[in-house]
Structure formats: structure tokens, C-alpha cells
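Worksheet for the structure shown next.
The values are calculated or read from the model by the stated rules, or taken from the named source; none is laboratory data. Because the structure is predicted, anything quoted here is derived from the model rather than measured. All Cβ positions, even for glycine, are placed from backbone atoms using ideal geometry, and neighbour counts span all protein chains on display. Just the protein is used for accessible areas: all its heavy atoms, side chains included, with ligands, DNA and RNA removed. Shrake-Rupley method; radii C 1.70, N 1.55, O 1.52, S 1.80 Å.
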Amino acid sequence: MKFRGKIVDVACLNHFTRVITTVSRLTKTCVLRLTPDNLLFVLSGKVADGGVSMWCELSQANFFDEYQMEGVSSEDNEICLEVTPENLSRALKTVQNAKAVKVKLTKKHCPCLTIAAELPTLSSVSRVVTHDVPVDVIPRRLWHEFKEPSMPDFDVSVYLPPLKTMKNVVDRMKNLSNFLVMEANLSGEMNLKIETDLVSVTTHFKDLGNPPLRALEALVLDLVCLSSSSSLASTDLPPLPPGDDASQDGGPSQSRDPEAMAQARVDIRKLQQFLMGQQVNPSKAMCNIVHERVVHLILLHEDVSLQYFIPAVA
């Protein structure tokens, strides 16, 4: 296994650091999958046990000026590493003004991602700062645990309000309850509400808009294309229960009442954690809701996509 990459452009380095920082605020540890075309940060929580899942995909060509990797074999041309994203974030933050940053998989006292930065200097003598970030290499037999989550057969898809506004609302609601109900419909409306024995509070968002079916189909197609090129692909979408309103292609049924709300009750701390960590500045932010089952949040940027799954609680 071999991996090395080089980032020269300062804007790319800053953007890459922001993405890593976002991931570090969502999870303490995760899996970094290195493929010839992408870097993927994966958190594979057991939704049945109340755990969240995360899938963050970066196109290497949009960040790295040089990128070389050799996987475990020609058939399985990938490398899977368990990393602590906070350690990566700290190392990258110290080299933001570097002339060039090299990232390499090395073997020191343990496997490491070595970050070597060439810093600007007034003399002819170059200055290089090196950080060794310990990682664990995940054996091939465990790769199936970190496959891409399937696109859920959601009941409603809606664009999110400004994330900063949403964060301010959730921050205030957290002081009143540990759980929050997210609900939305096909008329571009979303409500965030808490209900306790003492208080009931609801914040209404209107005119958010719903992603057109073609946009949803394109998103599904992009995810399927990624899966088809990966040895960790998950092609088996969960079957629909009888009478489910969701369509078979992963989108809401066209016969669904536009005013009917789909809702999910979630742990407010997990939603707050997602909102607090955002530094990606997405061009699009969407929310898919599978009624009383899961909230699927999607952030899209030019070169980054982030999916975050929060399971519903009873």
C-alpha cells in the first residue's frame, strides 16, 4: 500500500482544512477511504442502536496537485484507515501559509499519515515542518462495515433554511428538551418543535422549496455511479413495506398530499452537533425524512458532498 499527495494552492489547502475540521466536529474517530479518485470519510453507526452515520466524499482532483496511491491489490485498489480527524485538523491548521504541503502514508513507530509542510522563509534555507498523525490500517475483511449507506426511500425532501438560522433555533430549544421533532411536507414547509409536559414550542419555516424530482434522480445517480466504481459498493436498497408512500426510486410519491407532514423525533444533541460543525459553506443543503425512521441531511458543494443520517427515536 502506498499513498502520497501534494497540495500547492493555498485556497485548496484552506478548503481541505475546513472540510477536515467539519468532520472532526461530527465524530472523534472515523474511517478514511483512499481511492484513485476520491477521499471518503465514513462513520458507520448502527442506526438500529441509535447511532448516526456519516459519508463525506471529496474529489481528490479538486484539492491535490499531485496524487498517487496503490491499494491492497489491483482488484481492491483502496486503502482504509481509521483516523482521528481532530489530529489531522490540528496538523493542517498549523501549515495554512505553507508553500506546499505533502501528505504521505508512512510507517514510523506505527502507521502514520505524515504531513510535511514547506514554510516560506526570508533566507535561502528552506523550513519544513512535519507532523506524524497515527492511524490504524483496516484489514480487507472488515471493509464491508464501511460501505456507502443506501439512499433511503424518503417520504419528503425539502431544502434546509440557512444553517446558521437553524443552529440558533436548535441551540435555544436544547435548553428546553433533549428531543426535537423535525417535520416537513412537499409544499416547502418545515417545522422544528419540542413538546414536553410543561411547554410546547414550534418554529415554522416556509417557502423553502422542494428539490425537483430530476435533481433527486441526479443525486441518486451520482451515488450509484460512485458505488459502481467502488469495491465497497452497497447496491441493495432496503425494500419498501407494503403501502409505503415513498416511490421505488428513492423519492417521494407524486400522489402524496403536498400538505401532509412527514416527521421524525431525533436526539437534539446529534442535530446540534451537525449544525455546529459546518464549515463547508454548502451551495445546497437538503433534508430527506423517512417518516418516524430517519432524518437524512445532505450538504453539497462544488467538490464536497456530506451525508449525515440521524435515526428517529420513539
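Restricting the search to region 54-79, which residues are touching a helix residue (DSSP H, G or I) at 6+ places or on another chain (Cβ under 7 Å) and surrounded by fewer than 18 Cβ atoms within 10 Å (Cβ to Cβ)?
Val72, Asp76
Take region 258-281 and flag every residue that is outside any helix (DSSP H, G or I) and open to solvent by less than 40 Å² (accessible area, probe 1.4 Å).
First, pick out the residues of region 258-281 that are outside any helix (DSSP H, G or I): 258-267, 277-281.
The answer is Ala260, Ala262, Ala264, Val266, Asp267, Gly277, Gln278, Val280.
Go through (1) part of a strand (DSSP E or B); (2) touching a residue at least 40 places away in the same chain (Cβ under 8 Å); (3) open to solvent by less than 80 Å² (accessible area, probe 1.4 Å) for Thr114 and report which single condition fails.
The single condition Thr114 does not satisfy is (2).
Just wondering, is there one or more residues in region 11-26 that are over 25 Å from Asn97 (Cβ atoms) and surrounded by fewer than 17 Cβ atoms within 10 Å (Cβ to Cβ)?
Taking region 11-26 as the starting set, the residues that turn out to be over 25 Å from Asn97 (Cβ atoms) are 26.
Checking the rest, the ones that are also surrounded by fewer than 17 Cβ atoms within 10 Å (Cβ to Cβ) come to none.
No, every residue in region 11-26 fails to be over 25 Å from Asn97 (Cβ atoms) and surrounded by fewer than 17 Cβ atoms within 10 Å (Cβ to Cβ).
In region 138-212, which strands (runs of 3 or more DSSP E) lie fully inside it and hold 2 or more residues that are touching a Lys or Arg at 6+ places or on another chain (Cβ under 7 Å)?
Numbers: elements: 156-159, 179-184, 190-195, 200-205.
Because the criterion is at least 2 residues that are touching a Lys or Arg at 6+ places or on another chain (Cβ under 7 Å), the strands (runs of 3 or more DSSP E) in region 138-212 that meet it are 179-184, 200-205.
Residue by residue through region 282-293, note down the ones that are of a type outside the set (D, E, K, R) and open to solvent by 20 Å² or more (accessible area, probe 1.4 Å). So that I can check it myself, show each step before the final result.
So in region 282-293, the residues of a type outside the set (D, E, K, R) come out as 282-283, 285-291.
Hits for region 282-293 are Pro282, Ser283, His291.
Determine which member of the set Ser123, Ser177, Ser89 is surrounded by 18 or more Cβ atoms within 10 Å (Cβ to Cβ) and among the polar types (S, T, N, Q).
On the way: Ser123 fails: surrounded by 18 or more Cβ atoms within 10 Å (Cβ to Cβ); Ser177 fails: surrounded by 18 or more Cβ atoms within 10 Å (Cβ to Cβ).
Being surrounded by 18 or more Cβ atoms within 10 Å (Cβ to Cβ) and among the polar types (S, T, N, Q) holds for just one of Ser123, Ser177, Ser89, which is Ser89.
Do any residues in region 174-201 that are within 16 Å of Val290 (Cβ to Cβ) have Cβ atoms under 6 Å from those of residues that are of a type outside the set (A, V, I, L, M) and buried (at least 17 other Cβ atoms within 10 Å of the Cβ), where the two are at least six apart or on different chains, and which pairs are they?
Qualifying pairs under 6 Å: Val181/Lys193; Val181/Gln263; Val181/Arg265; Glu183/Gln263; Leu186/Asn210; Met190/Phe205.
Do we have Glu82 as touching a Ser or Thr at 6+ places or on another chain (Cβ under 7 Å), open to solvent by 40 Å² or more (accessible area, probe 1.4 Å) and at pLDDT 90 or above here?
In short, yes.
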